[in-house]
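Engineer: Mind having a look at this structure? Questions to follow.
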Amino acid sequence: MHKLVIFDLDGTLLNTITDLGDAANYTMQAMGYPTHAQASYPMMVGGGVARLLERALPDSARNPETLARALEIFRARYDEHLADSTTVYAGIPELLDELTAHDIRVAVASNKYESAVRRLVEHFFPGVPWASVCGNVEGVPVKPDPSIVFRVLTECPTPKAEVLYTGDSGVDIETARRACVDSIGVTWGFRTAAELRAHYATHIVSCPETILELALH
């Protein structure tokens, strides 16, 4: 039986795309740049907020000074509206309850800046006994660099053979591969099953209940 399941946040536990897109469009508008259709944002997220804004900015504006200003505007806006439209995916609360009932620890590893990660987790999952909640912090590379997984394993020591990493994108699957842990790709998030297959996910699931089955084996 596995002892620890590490979850990505956006697109895996929470559908955050509308609030992310709204904050990004607010930022573009505030800086005088074109906004984007909400439907374009699922393919723009996944690499952290800086990467999201870099993709949203026009090619001519992708310089360190402009990006720094965009990050400042985005964070101020997102911090005020990060839960306006965000929802928990169906079946996730029950999955977390079942995992912890079976003494399987749960953790979060997200590319979103850590203060927002912690606020979202506390808001939507107040009763879950998280073993570790990690977001991006300054000076630490974002996924697919495995540093965040190693941080989780430092806070919650677990043999890698007993760890499952769960996410919705190729970035998540590559993170698991680099960390040398098995991966679960979920199809209800922001990316496609084809992307998960292309990155060689150990498992691909279409409902949270299957994650419990995999964790128990």
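The values are calculated or read from the model by the stated rules, or taken from the named source; none is laboratory data. Predicted model only: the values in this text are computed from it and were never measured. Cβ atoms come from the backbone with ideal geometry, glycine included; neighbour counts cover every protein chain shown.
Engineer: Would you call Cys134 crowded, with 17+ Cβ neighbours inside 10 Å, more than 24 Å from Cys207 (Cβ to Cβ) and in contact (Cβ under 8 Å) with a residue 12 or more places away in the chain? Even if it seems obvious, please write down each step before you answer.
Structural biologist: Details: crowded, with 17+ Cβ neighbours inside 10 Å: yes; more than 24 Å from Cys207 (Cβ to Cβ): yes; in contact (Cβ under 8 Å) with a residue 12 or more places away in the chain: yes.
Criteria met by Cys134.
Engineer: Quick check, is Thr87 surrounded by fewer than 17 Cβ atoms within 10 Å (Cβ to Cβ) and either within 16 Å of Thr27 (Cα to Cα) or modelled with pLDDT of 95 or more (or both)? Break it down stepwise before answering.
Structural biologist: Working: surrounded by fewer than 17 Cβ atoms within 10 Å (Cβ to Cβ): yes; either within 16 Å of Thr27 (Cα to Cα) or modelled with pLDDT of 95 or more (or both): yes.
Criteria met by Thr87.
Engineer: Please state which one of Leu164, Leu120 is crowded, with 21+ Cβ neighbours inside 10 Å and more than 26 Å from Ala198 (Cβ to Cβ).
Structural biologist: Details: Leu164 fails: more than 26 Å from Ala198 (Cβ to Cβ).
The match here is Leu120.
Engineer: Looking at (1) acidic (Asp, Glu); (2) closer than 19 Å to Leu20 by Cβ; (3) over 14 Å from the mean Cα position of the chain (by Cα), which is the only condition Glu114 fails?
Structural biologist: Every listed condition holds for Glu114 apart from (3).
Engineer: Moving on. For the condition in contact with a Cys (Cβ under 7 Å, 6 or more places away or on another chain) and over 26 Å from Gly139 (Cβ atoms), what is the one hit in Gly32, Gly91, Gly21? Steps first, please.
Structural biologist: Numbers: Gly32 fails: in contact with a Cys (Cβ under 7 Å, 6 or more places away or on another chain); Gly21 fails: in contact with a Cys (Cβ under 7 Å, 6 or more places away or on another chain).
Result: Gly91 is the single residue among Gly32, Gly91, Gly21 that is in contact with a Cys (Cβ under 7 Å, 6 or more places away or on another chain) and over 26 Å from Gly139 (Cβ atoms).
Engineer: Scan region 55-66 and give yes if some residue there is touching a Leu at 6+ places or on another chain (Cβ under 7 Å), farther than 23 Å from Arg191 by Cβ and touching a residue at least 12 places away in the same chain (Cβ under 8 Å), otherwise no.
Structural biologist: Scanning region 55-66, I find at least one residue that is touching a Leu at 6+ places or on another chain (Cβ under 7 Å), farther than 23 Å from Arg191 by Cβ and touching a residue at least 12 places away in the same chain (Cβ under 8 Å), so the answer is yes.
Engineer: Follow-up question, since we're still on this one. Taking His36 as meeting all but one of (1) under 30 Å from Leu153 (Cα atoms); (2) without any contact (Cβ under 8 Å) to a residue 60 or more places away in the chain; (3) not in a helix (DSSP H, G or I), write down the number of the exception.
Structural biologist: (1)
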